Structures are given as structure tokens and as C-alpha cells.
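Presented below is the structure to which this report refers.
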Amino acid sequence: MAYVVNTSNSKCARLKPVPLESVKLTDNFWAKKIEIMEKVTLPTQYEILEETHRIDNFRRASGKISGEFVGFFFNDSDVYKWIEAVSYLLAYKNNEALDKLLDSVIEEIKLAQDEDGYLNTYFTFERKQDRWTNLKDMHELYCAGHLIQSAIAHHRATGKTNLLNIAIKFADYIGRIFGPDKKEGTPGHPEIEMALVELYRETNDKKYLDLAEFFIDERGKGIIGGSFYHIDHKPFRELDEVVGHAVRSLYLNSGATDLYMETGDKALLDTLERLWDNLVTKKMYVTGGAGARKEGEAFGENYELPNESAYAETCASIANFMWNYRMLLVSGESRFADIMELCLYNGILSGISIDGKEYFYVNPLADRGSHRRQRWFACACCPPNIARTITSIPGYMYSVSSEGIWVHLYASNVSEFSINGSKIVIEERTDYPWNGLVEFKISGNARFKLFLRKPGWNKEFSLSINGEKPQMTLERGYIVIDREWKDGDIVRLEFHMKPEFLESHPKIKDNVGRLAIRRGPIIYCVEGADNPWGDVWDLEIPEDTELKEEYRDILGGVVVVKGKGYLNDPKDWKKLYLTLEEANSLRKEAEFVAIPYYAWANRMPGPMEVWIKRI
Ligand SMILES: [Zn+2]
């Protein structure tokens, strides 16, 4: 069963997972993206892993080839994330070539592992004596975490144990080194925490859970320097603000949430709630992006959310998505699924080009046209991270619980569930995210509750079952229908979706006097390619302009938003100051077209912005 996060036996998880292979996407959005993963992204990434010697580093470690280690000391992690991405794809559909390729890469990894279980291609030969000497900077535990995650995904997807055995051997070795009566330490880059909890779930061996707890409890003692950057300035349970490196912080929160689901340690959940509140009310971009500053790839102060210099690393949006998924599993509250959806359609998807070949590491919300996606990066954390996210999407769409079936994300699909021994098939049809109409056809007979997430962006919805208004309640942001379901029942749910303006908190300086456009789950931007009348940075829009929507067969098929605004062209200003009357006489009407933010920078370079001046 290819679960992304297996909470089937987690005592403090309200929701249980549905395996990837039970969900077959039939839509035009995610199914297409997974196909691009299979045909383009995953094979291309493999070629680049070879070309950049990331796999050679394993061959070097095993003595197959000679030469120097190439690249960053954490490059092994890119290979592991790619394996994880391919594994999810294999769970979803057969692909013999990729399956074989995986086995060949796993063989290289196996040969690179030491007798005692140690595995990191940087700390070999002349650097062997440096193992575990610098946990703060050298990412040994981070790479181990990615190995463990990829091994679990591979085992769940294929049933094979070739990679899982390698990961267990290494995890056991780490467990012999670190622990309460052993070596002190905690990773400078969290990641292994959630991997170890998942390894506990996979093997039922509690020592991995204990080790995850140990690494979390070791924080804040100053062992790795005590800095904000490493989230080592305080014990985890005393944190009240997301600080430091955004990806590290959000991976740590993900691991702590996993730990909570197994232990029920209330202090952990209280901390996570405080951190979540700080993130979403003071430190998150409208796209779900996190980490405002380039310096330290870090969160800024509260309300420090600049647009042009936004860092908002693709991995940080992914980490935000992963953490919110875990918080959703704990609680069954839609506010977490809302953030997942926000990240997914905006801050994450902007990280990859429509053709699946190029990536953003940094995701600014305003640009002059020079920021372009790259084929790869020397520090290439983001490309395989986005691949493993997209190939695992089917595993995030539903959950089950003792009460029934939960629908978190909407897309056309056919899925199978087992409810109290009865087989239930749900066939969902929708044009989401472009249209809010969603239809479900239920096959099978059973009594259960159907939980349908009412997206946070939605104000009004209509619901019918077999053409009649059903009994329903609204619980924790989910529409709940409790009934004896009959074969052939049709649920018709329509979330009224229209473009609307957003205004930001007045303390976000860059956004003062500006508006953003949202339609359903999608955040929009204006880009030069659609607006030839001038520079979109000089666009001003009145708040009462009528926003119109139109489907266009561009950028993979998108709904664009159009409206009337004004061009206030600086070139027309001959003086520094004008009277209002003079200034207004310079403004020219401009019909603007806004596209989904995730789709920008896929055509000719030009200026772009999300937050548009308001007149
Ligand atoms: Zn990254």
C-alpha cells in the first residue's frame, strides 16, 4: 500500500491515509502533470543526476571509479528525492523502464554503503574521520532522512526491500551512535525526524520513534550552536514563532507533528498550533510561500513579506504543504487543507515550468523579467522535491476515518475505498481548479459520512443528492453528509467561484495601496506577455473594475482574468510633482489580462507582479 504518510495505526491521527494506487486521476490538470513527470521530468532529472556526477559519487564511494567527490556535500539527497518521486509514480502506474532504472541506482547505493551501515558519499576515504563531527553544517542526518523516506516510498510502491534494507541498516547505525546515553546531537538541517517516525510506522520498531524524539528534544541546548538559523535557540516546546531557515523550520514542524501523532504529547501540539498561527497570520506569502529573506533563506520579522526580493524557496512551499498535511491528519480541520491547496496551486507549482523541464529555486512575487527558471542548480534541492510532490498528489486527495470518507483536494478521479468491509467506488468529475462544480457518483452500498472540504476561499455553495437537497452539517470546515449511501447516488456540489480582489494586512509594507487577484484556489499575476500596452508595473486598477474570466488555451490551459485599469506611465511625467488633475490627465485606460501566478515566466521575459497598484 503506497501511503505517503501512514497514519493507519497512529493513535493521535484523526485521519487515516488512502494509498496512491487507489486513486486514479482522470482530470486535465494533475493527471497531465503526472504524465509530464513520467515522460519528461523524471527521465531528464536522471540524466542530470548522471551528468552532474551525483550517482558517480556513489560509484566512487564503492571504489568502482576513482576521482574526487563532485558537488555539494549533500548531493546524495537529490538522488534519494528522485528515487522517492519515481517510487510514487510506480505506485500509481506501471513503468518497467523506470522500475529497472531505480533498481540499478539502488544497486550503486548498496555498494557504497559501509559494512557498519554508514552511508554518505562525501564522508568517505580521506574524510572518513570527519563523520559526525559537524552536525550543524554537514547534513549527514539530513541526507540520511531523505534516504529513509525514499526507501519507505520504494518499499510501499514496489514491495521490494532492496532500498529499505539499506536504509534500515543506516538507521540502526545512527541509533547506535546517537541517543540519551550515547552521543549528543541534533541535525543542523531537520528532515530525519519525519523519516524516522515513518520508519517506525513501516517497521513497527519503536527505537526509530525514540530516536526521532531524541533529535527533537536535543534542540535548544546549544549543541549545534544555539542559533535562530538552526532553530536551536530554544527547546522545541518553547518556540512561539517560526524563525530561521524556512525549509528547516517547516521540516522540523512536520517531524514534530508526526511525533505528536504517535505519542500524543500535548506540549508538542500546543507548540505546533502557536507556530502555525504565527506563520499564517504574519509570515506567509499570499501564494503559500515562506521565507522572506535571501540571507539565511530565512523567515523575516512579522509582516516582512517583500515581493521583488521574496525568497519563498520552492522547497519551503513544499515543506509548508507537508506540514499542513500532517496537521490535517491530526485534526481533520479544513484550515490545514486550505493551506495545502494554496501552496500546491501557487507557491509550489510556480517552481516548475509548464513543460516540466525547468525550475525556480526562488519564487518572487514581482520581477522585471530577469528571473527565469533554470534547468538545474548546483544546490538542487528544489527540482527533485517538486517531482516527489507532484507524483504523490493522488495520495493526498482523500483520507478515511472511522466515520467515513474525506475529500480534501478536488480533481476528476475514480477511487476505491473500503468502508466497514464494503467496497465503495467514488467517481468524481470536475474542472477544478477552473470551475467549482464537482460531481460524485457513488458505487456501492454502505452507511458512512462523506466529508467534503469547503475551501476557505469559497463564500457560497450549493449541494444536492440525486437532485434533492440533502441533510448536511458543516464541521471543522467540511460539509458532512451522513446517510445510507446507495449504488448510483449522485452528489452535486458547486462552489461559487469568481475572481475577486485581495487586500493585505496594512503592516505588510510592500503591499500598501495594492490589490491581488484570486479566483478559487488560484492567485493571479499580471505579466508583460499578455499586456502589450505598457509596463505592468505601471498598471493601476480601480477596486470597482469588473473582473471577467475567460478560458484560454495557453500555458497548458488556464482561466485568465481580465479587467479595465489605467496605465500611469512614468515617461509621461515631465515633473516630479503634479496636481491631481494634471496627474489624472496622464493616465490612459488599459485593459489588463492576469494569468495564474504559477504559470508566469513560461513565455518571453517581461515584468510581472502579483500585488497591483490600486487607484
Ligand atoms: Zn529547495
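The values are calculated or read from the model by the stated rules, or taken from the named source; none is laboratory data. Everything numeric in this text was worked out from a predicted model, so none of it was measured. Cβ sites come from the backbone with ideal geometry, for glycine too, and all protein chains shown count toward neighbours. The area values use the complete protein model at the heavy-atom level, side chains included, leaving out ligands, DNA and RNA. Shrake-Rupley method; radii C 1.70, N 1.55, O 1.52, S 1.80 Å.
What the table shows:
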quantity	calculated
Whole-percent carbon and sulfur share, accessible surface of the chain, 1.4 Å	49 percent
Mean residue ellipticity (222 nm) of the chain, computed from DSSP H runs ≥ 4 via -39,500 (n - 2.57), nearest 500	-10000 deg cm²/dmol
Centroid-to-centroid separation of segment 485-507 and segment 291-312 [C-alpha atoms, Å]	30 Å
Spherically averaged projected area of segment 489-615 from its Cα convex hull (nm²)	10.2 nm²
Cα gyration tensor of segment 316-359 - equivalent ellipsoid semi-axes, whole Å, descending	24, 9, 6
Relative contact order [Cα under 8 Å, 6+ residues apart], segment 552-615, whole percent	40 percent
Values of log10 I(q)/I(0), in the order q = 0.17, 0.25 Å⁻¹, for segment 400-495 under a Debye, Cα-only, solvent-free model	-0.70, -1.63
Solvent-accessible surface ranking, highest first, for Thr41, Thr26 at 1.4 angstrom	Thr26, Thr41
Counting all C-alpha pairs of segment 10-136, share separated by more than 20 Å (%)	55 percent
Size of charge dipole - the chain - debye, nearest 20, with Cβ of Lys, Arg +1 and Asp, Glu -1, no other charges	380 debye
Nearest-0.05 FRET efficiency for Glu484 and Lys459, computed from C-beta distance (R0 25 Å)	0.20
Length-normalised contact order for the chain - Cα pairs under 8 Å, 6+ apart - percent	13 percent
Viscosity 1.567 mPa s, temperature 4 °C, Stokes-Einstein D of segment 458-537 from Kirkwood C-alpha radius, µm²/s	78 µm²/s
Shape call, segment 425-467: gyration tensor on alpha carbons, a/c limit 1.5	prolate
Spacing of the two label points (7 Å from each Cα toward its C-beta) at Asn95 and Lys110, in nm	2.3 nm
Percent RCO, i.e. relative contact order, over segment 482-615, from Cα pairs under 8 Å lying at least 6 residues apart	32 percent
Shape category assigned to segment 202-285 from the gyration tensor of Cα positions, a/c cut at 1.5	oblate
Rg followed by Dmax, in Å, when segment 107-249 is reduced to its Cα trace	15.1, 44
Thr44 accessible area, assembled protein chains, probe 1.4 Å, Å²	40 Å²
Solution diffusion estimate, µm²/s, Stokes-Einstein, segment 419-570, Kirkwood Rh from C-alpha pairs, 37 °C, viscosity 0.692 mPa s	177 µm²/s
Length added when fully stretched, Gln471-Lys441, from 0.36 nm per residue minus Cα-Cα	9.0 nm
Loop-resident sites, segment 525-615, for GluC sites (Glu not before Pro), counting at most 13 other Cβ within 10 Å (DSSP)	Glu543, Glu546
Charge dipole magnitude, Cβ of K and R +1, D and E -1 - segment 400-495, Cα centre, debye nearest 20	180 debye
Residue pairs, from the table Lys24/Lys136; Lys64/Lys206; Lys32/Lys548; Lys39/Lys128; Lys169/Lys282, whose Cα atoms sit over 32 Å apart	Lys24/Lys136; Lys64/Lys206; Lys39/Lys128; Lys169/Lys282
Under 18 Å from Lys469, Cα to Cα: lysines that are on another chain or at least 8 residues apart	Lys441, Lys449, Lys454, Lys486
For the chain, convex hull of alpha carbons as volume per residue, Å³	154 Å³
Residue-normalised accessible area of the chain, given per residue in Å² at a 1.4 Å probe	37 Å²
Cα gyration tensor shape for segment 224-359, rounded if a/c is under 1.5, else prolate or oblate	oblate
Length gained when the stretch Ala583-Lys39 is fully extended (0.36 nm per residue, less Cα-Cα span)	190.5 nm
Loop trypsin sites (Lys or Arg not before Pro), segment 503-562, which have at most 13 other Cβ atoms in a 10 Å radius of their Cβ (DSSP)	Lys507
